[in-house]
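Undergrad: First the structure, which I've put down as structure tokens, then a few questions once you've had a look.
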Amino acid sequence: MPLLHELKLRFASDDDIFFQPDHILHIPVVFIGLTSLLDLIQTKERLTKDAFAKQGLAADDAGLLRQLGESIDTGDLRSAVTSLLSGKMIVFHKPSETFIAVEAASKPLTRSVEEPSDESVIHGPRSAFNEDIDTNLGMVKRQLNSDKLAVKSYAVGANSRTRINLLYLENQVEPALLTAIIGRFESNKELDVCNLQQLSRMLGLPSWAAISPYIRTELPQDTVHYLMRGKAVLLLDRFPCALVLPNDLWSMLAVQNDLNYPRLFTLSFRLLRLAGVLCHILAPGLYVAVVSVNPEILRIEMALTVAQSRLGVPYPALVETLILLFVLEMVMEASVRLPKSIGPTITMVGGIILGQAVVSAKLVSNLLIIILAAATIANFTISGFVNSISIRLFKYVILLLAAFYGILGLLSGMVLVCAYVSSVTTFGIPYAQLARKSRG
Amino acid sequence: MIKVMRRLCRILLLLAAVPLLHGCWDNKDINHRSLPLVMGIAKQQDKYRIYLQIPSSDPQNPQMKVVAESGRTVTEAVDRISMNMESQVDLLHLKVILVEKHFAQEGMADIIEGFIRARDISPKAKLVICNESLERFFENMKTAIAGNQTILCDFFDKNAGWNPSIAQTHIWETFRSIHSYTRDVIAPIIQTGKDTIIENVGSAIIKNGKMVDRINPNETLLYYAFKGASTQGKIEVLDHASVLIVNNTVSHHGKIVNSKPLLRSTIRLKVSVLETRGDPTMASIRQELEEIEAKRFAKLFKKMQLKEADILGVGQYFRTDLSRSELSHWRSVYLPKAELQLTIKAIIQNNGNLKTTGM
């Protein structure tokens, strides 16, 4: 029995595996499987029932067992290992030297479908993707009842195999995009994909881009919308988001749930987000430009108030702004990292430190606090966390230029950011492309 | 990885050059600048005496600061002030340029040109003539105001204290008038008042940067009526009523007849009755209004012709009829013999909340 022996050797360092002699009906067999992945009792029950039903169909014992699952060649260690690791059970029939991989009842290792935790929805469909790729695929199919939905499944990685599903609508997707993605999957099959940087490397996407090539969403509703707009969707196993390729500028301003409101509200929500983007990018730069380079553009009353609020502040405007921005970024990062029970504490401490103590200690001017608070709030109006990070980064470019060249710097910073945003392409599709030629 | 590092190094190198190359290391924050609002200019012998009114940004001590210094040029005096102050004097916010009357009568074309040439003074600053010595004016101002530091700016601000009886002329308009053949300007004349802080005592006619005569506030209102900007101005109609101008439109048409310029103008005033004395009819108020305005206008026009200063810009309507060389004699030759046919049409739009009979 070379395969059984080989399996024992292969899993010598893994105590999780069991080799349990047992019977199906009257046939003596050995069950082989991983304790952590499958529920043995249920699986046994199911197998017995199945065997009982198929009793008359086969001539001998081995034939009956073959009816229960897929048989594995005695020399094929690799597919046996894969079956075990993916949660199947192997039934070994000693007399006929037959190995059969049967579907097993899996242990509940996945949470059930829950509400989205990173993208709140008000008055809209509320189920969100979770870690199980099949659940996610099912949710998309539930949402999109179409025979045009194509699903291509890949398992990639040499060390750890990851399942990836590629979804697209046959009559909508950009053919060039599709061939490019499929081509990359075929040629880079051996690369491990445990995180999105590795996925980017596999797809040959730039790794230093300041704008993410994917739109991430945990809402099936949004995913379907993107599919209908001709984008391709990747579902990764153990990853509770759909990755939509390619990203576009519009995804920063539009949320699908907007369309569940009357048009007027949709429009105003989106305008508000646009204002939020501009406010976040420009406000800190504008403060520095106006305070240290071009105070003449302020009305005199305003100029006096600003001068008053900065009285006794030891640092130049740029340093002052950078210090406070640094603290703000730390608060933001900390509140992501913190357990939910401590979250309110940091908010309170941050609020008191930033709002009160810093001002009364005359380290920064209170006007700056107002401006940065407004800018930070504005940042969260942007749809999609990844998009808001890009915008957070661009703010610093504009801030530096504004500190050197004032209003002119603010303007050239905007030009620079616009130029960069326009230059970004994913698989040849520009990030700034807003309208798409409709197909079919 | 090495490629990335090399690229990173290159970017860092470029970034390191930024602080050296931007050339703005002398940017000063707003709290380290003094932002004077008013500049007073007087001339003593051949030296300028410059006064700067600087609002204080200290909330504990909102006293208006006035500093003065003399110099052969305006810049020299400002430089001296800047040298002796704890912060840098920044003229970008200068709103009002107050010129002493004697200096205005001497002619101020030089400093107006200097202001236009200098980049740090806004051409939108207003030119104002002071009827008394600046020393006294600022002394009175200092004792009069405690909290409000922008009082002089507010006085001339369209959104605050301005009304069409106060002339309003920017530096750039004065500069334009110096170089134009066909246009002169008026500038307001102020002094410290007895009850109010500032008192408007009429306007100066400024010809080529020199004050040649003055007109009273009523005539200033007419000036704005001719420009179509007298809305909100109030007119007393003889002893019978006073009216508020609620709308003002004008049309002008100029042509040369027998080498004499003839300007036909129509001024339409929509007015609202504010007060009446006795029991005048609407018709009589309207008629009196038209007559009194026409009379005042004729007087203003005469004064203009006498001083050869075209404050109404009448010459503008003949620029297409005269050659460039003829235009250069506009003030001296054509203006004195110009004829103005003025029609004033008043419409009493409403008579307030009371009914008056005899429309």
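Residue-wise test of (1) farther than 23 Å from B:Met211 by Cβ; (2) in the same structural domain as B:His179 (by TED's automatic domain parsing); (3) in contact with a Lys or Arg (Cβ under 7 Å, 6 or more places away or on another chain).
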site: B:Met39; (1), (2), (3): no, yes, no
site: B:Gln60; (1), (2), (3): yes, yes, no
site: B:Met64; (1), (2), (3): yes, yes, yes
site: B:Gly107; (1), (2), (3): no, yes, yes
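Undergrad: Kindly establish whether B:Asp239 is in the same structural domain as B:Leu127 (by TED's automatic domain parsing) and either surrounded by 17 or more Cβ atoms within 10 Å (Cβ to Cβ) or in contact with a Lys or Arg (Cβ under 9 Å, 6 or more places away or on another chain) (or both). Steps first, please.
TA: Numbers: in the same structural domain as B:Leu127 (by TED's automatic domain parsing): no; either surrounded by 17 or more Cβ atoms within 10 Å (Cβ to Cβ) or in contact with a Lys or Arg (Cβ under 9 Å, 6 or more places away or on another chain) (or both): yes.
No; evaluated as a whole, the condition is false for this residue.
Undergrad: What number of residues in region B:242-269 are part of a strand (DSSP E or B), surrounded by fewer than 15 Cβ atoms within 10 Å (Cβ to Cβ) and among the small types (Gly, Ala, Ser)?
TA: The total comes to 1.
Undergrad: Let me ask something additional. So for region A:169-188 (the condition being under 18 Å from the mean Cα position of the chain (by Cα) and free of Cβ contacts under 8 Å to residues at least 60 places away in the same chain), does at least one residue qualify?
TA: Within region A:169-188 (the criterion being under 18 Å from the mean Cα position of the chain (by Cα) and free of Cβ contacts under 8 Å to residues at least 60 places away in the same chain), the answer is no, since none of the residues qualifies.
Undergrad: Looking at B:Lys307, B:Lys302, which one is over 20 Å from B:Ile178 (Cα atoms), outside the structural domain of B:Val185 (by TED's automatic domain parsing) and of a type in the set (Lys, Arg)?
TA: On the way: B:Lys307 fails: over 20 Å from B:Ile178 (Cα atoms).
Going through B:Lys307, B:Lys302 in turn, the sole match is B:Lys302.
Undergrad: Is it the case that A:Ala283 is within 16 Å of A:Tyr405 (Cα to Cα), under 35 Å from the mean Cα position of the chain (by Cα) and either surrounded by fewer than 20 Cβ atoms within 10 Å (Cβ to Cβ) or more than 7 Å from chain B (Cβ to nearest Cβ) (or both)? If you could, list the steps in order and put the result at the bottom.
TA: Details: within 16 Å of A:Tyr405 (Cα to Cα): yes; under 35 Å from the mean Cα position of the chain (by Cα): yes; either surrounded by fewer than 20 Cβ atoms within 10 Å (Cβ to Cβ) or more than 7 Å from chain B (Cβ to nearest Cβ) (or both): yes.
So A:Ala283 passes the test.
Undergrad: A further question follows. Being loosely packed, with under 15 Cβ neighbours inside 10 Å and within 11 Å of chain B (Cβ to nearest Cβ) is the filter here; which residues of region A:316-346 pass it?
TA: A:Val319
Undergrad: Out of A:Arg216, A:Arg273, report the one residue that is in contact (Cβ under 8 Å) with a residue 24 or more places away in the chain, among the charged types (D, E, K, R), on the phi < 0 side of the Ramachandran plot and in a helix (DSSP H, G or I).
TA: Numbers: A:Arg216 fails: in a helix (DSSP H, G or I).
Checking each option against the conditions leaves just A:Arg273.
To keep it simple, each residue is scored yes or no on (1) crowded, with 16+ Cβ neighbours inside 10 Å; (2) over 24 Å from A:Ala158 (Cα atoms).
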| site | (1), (2) |
| --- | --- |
| A:Leu77 | yes, no |
| A:Ser83 | yes, no |
| A:Lys88 | yes, no |
| A:Pro95 | no, yes |
| A:Ile100 | yes, yes |
| A:Ser112 | no, yes |
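Undergrad: Residues being farther than 30 Å from A:Ser13 by Cβ, surrounded by fewer than 13 Cβ atoms within 10 Å (Cβ to Cβ), of a type outside the set (Asp, Glu) and at pLDDT 85 or above: count how many of those fall in region A:26-69.
TA: So the count comes out to 3.
Undergrad: Now for a different question. Check off (1) touching a strand residue (DSSP E or B) at 6+ places or on another chain (Cβ under 6 Å); (2) in a helix (DSSP H, G or I) for A:Asp50 and give me the number that stays unchecked.
TA: (1)
Undergrad: How many of the residues in region B:50-88 are of a type in the set (A, V, I, L, M, F, W, C), part of a strand (DSSP E or B) and either away from chain A (no Cβ under 13 Å) or over 17 Å from B:Leu37 (Cα atoms) (or both)? Explain how you work it out, then say what you get.
TA: Kept after step one, since they are of a type in the set (A, V, I, L, M, F, W, C), are these residues of region B:50-88: B:50, B:52, B:54, B:64, B:66-68, B:74, B:77-78, B:81, B:83, B:85.
Next, from what is left, pick out any that are part of a strand (DSSP E or B): B:50, B:52, B:54, B:66-68.
Those left that are additionally either away from chain A (no Cβ under 13 Å) or over 17 Å from B:Leu37 (Cα atoms) (or both): B:50, B:52, B:66-68.
Total satisfying the criteria: 5.
Undergrad: Does region B:89-133 hold any residues that are part of a loop (DSSP other than H, G, I, E, B) and within 21 Å of B:Arg33 (Cβ to Cβ), and which are they? Before the answer, list the steps.
TA: Within region B:89-133, the first condition is being part of a loop (DSSP other than H, G, I, E, B), and the residues that meet it are B:90, B:94-95, B:107-108, B:118-125, B:131-133.
Once the filter is applied, which keeps residues that are part of a loop (DSSP other than H, G, I, E, B) and within 21 Å of B:Arg33 (Cβ to Cβ), region B:89-133 yields B:Asp90, B:Leu94, B:Lys95, B:Ala118, B:Arg119, B:Asp120, B:Ile121, B:Ser122, B:Pro123, B:Lys124, B:Ala125.
Undergrad: Examine region A:425-434 for a residue that is over 24 Å from the mean Cα position of the chain (by Cα), under 18 Å from A:Ser251 (Cβ atoms) and away from chain B (no Cβ under 14 Å), and state whether such a residue exists.
TA: Keep residues of region A:425-434 that are over 24 Å from the mean Cα position of the chain (by Cα), which gives none.
Within region A:425-434 (the criterion being over 24 Å from the mean Cα position of the chain (by Cα), under 18 Å from A:Ser251 (Cβ atoms) and away from chain B (no Cβ under 14 Å)), the answer is no, since none of the residues qualifies.
Undergrad: Sort out which residues of region A:306-323 are over 21 Å from A:Tyr396 (Cβ atoms) and either among the aromatic types (Phe, Trp, Tyr) or in contact (Cβ under 8 Å) with a residue 60 or more places away in the chain (or both), and write them in order of number.
TA: A:Val306
Undergrad: Here is a further query. Pairs needed: first member in region A:235-259, crowded, with 21+ Cβ neighbours inside 10 Å and assigned to a loop (DSSP other than H, G, I, E, B); second member anywhere, modelled with pLDDT under 85 and among the aliphatic types (A, V, I, L, M); C-beta distance under 8 Å; at least 6 residues apart or different chains.
TA: Going by the 8 Å Cβ cut-off, the qualifying pairs are A:Asp248/A:Leu434.
Undergrad: Something else: Among (1) surrounded by fewer than 12 Cβ atoms within 10 Å (Cβ to Cβ); (2) closer than 18 Å to B:Leu221 by Cβ, where does B:Lys345 come up short?
TA: So the condition that B:Lys345 fails would be (1).
Undergrad: While we're on this one: Take A:Ile72 and tell me if it is crowded, with 18+ Cβ neighbours inside 10 Å, outside the structural domain of A:Ser160 (by TED's automatic domain parsing) and under 24 Å from A:Arg163 (Cβ atoms).
TA: Working: crowded, with 18+ Cβ neighbours inside 10 Å: yes; outside the structural domain of A:Ser160 (by TED's automatic domain parsing): yes; under 24 Å from A:Arg163 (Cβ atoms): yes.
Yes; evaluated as a whole, the condition is true for this residue.
Undergrad: From the list B:Leu37, B:Leu13, which residue is within 12 Å of another protein chain (Cβ to nearest Cβ) and aliphatic (A, V, I, L, M)? Give the steps one after another, and end with the answer.
TA: Numbers: B:Leu13 fails: within 12 Å of another protein chain (Cβ to nearest Cβ).
Every option except B:Leu37 fails the conditions.
Undergrad: Let me ask another. Applying the selection to region A:286-301, what residues are farther than 23 Å from A:Arg392 by Cα and either more than 14 Å from every other protein chain (Cβ to nearest Cβ) or without any contact (Cβ under 8 Å) to a residue 60 or more places away in the chain (or both)?
TA: Passing the criteria: A:Pro295, A:Glu296, A:Leu298, A:Arg299, A:Ile300, A:Glu301.
Undergrad: Among residues belonging to region B:212-248 that are modelled with pLDDT of 85 or more and charged (D, E, K, R), point out the one that is nearest to B:Glu275 (Cα to Cα).
TA: Ranking the qualifying residues of region B:212-248, first place goes to B:Glu219.
Undergrad: If you scan region A:219-234, which residues turn out to be modelled with pLDDT of 90 or more and assigned to a loop (DSSP other than H, G, I, E, B)?
TA: Those that are modelled with pLDDT of 90 or more and assigned to a loop (DSSP other than H, G, I, E, B): A:Leu219, A:Lys231.
Undergrad: I need the full set of residues from region A:302-311 which are facing chain B (nearest Cβ under 9 Å) and out of contact with any helix residue (DSSP H, G or I) (no Cβ under 6 Å at 6 or more places or on another chain), in order please. Break it down stepwise before answering.
TA: Within region A:302-311, the subset facing chain B (nearest Cβ under 9 Å) is A:303-311.
Listed by number, the residues that qualify are A:Leu304, A:Thr305, A:Gln308.
Undergrad: Is it the case that B:Ile145 is assigned by TED's automatic domain parsing to the domain that holds B:Val78 and at pLDDT 90 or above?
TA: Values: assigned by TED's automatic domain parsing to the domain that holds B:Val78: yes; at pLDDT 90 or above: no.
Answer is no for this residue.
Table: residues versus (1) in a helix (DSSP H, G or I); (2) closer than 18 Å to A:Ile72 by Cα; (3) more than 39 Å from the chain's Cα centre (by Cα).
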position: A:Leu3; (1), (2), (3): yes, yes, yes
position: A:Phe31; (1), (2), (3): no, yes, no
position: A:Ser36; (1), (2), (3): no, no, no
position: A:Gln42; (1), (2), (3): yes, no, no
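Undergrad: Oh, and also: Taking into account only those residues within region B:201-211 that are modelled with pLDDT of 90 or more and among the aliphatic types (A, V, I, L, M), which is surrounded by the most Cβ atoms within 10 Å (Cβ to Cβ)?
TA: B:Ile206
Undergrad: Somewhere in region B:41-62, is a residue touching a residue at least 24 places away in the same chain (Cβ under 8 Å), basic (Lys, Arg) and in contact with a Phe, Trp or Tyr (Cβ under 8 Å, 6 or more places away or on another chain)?
TA: Yes: one or more hits.
The values are calculated or read from the model by the stated rules, or taken from the named source; none is laboratory data. All of these numbers come straight from a predicted model, not from anything done at the bench. Positions of Cβ are generated from backbone atoms using ideal geometry, with glycine treated the same way; all protein chains shown enter the neighbour counts.
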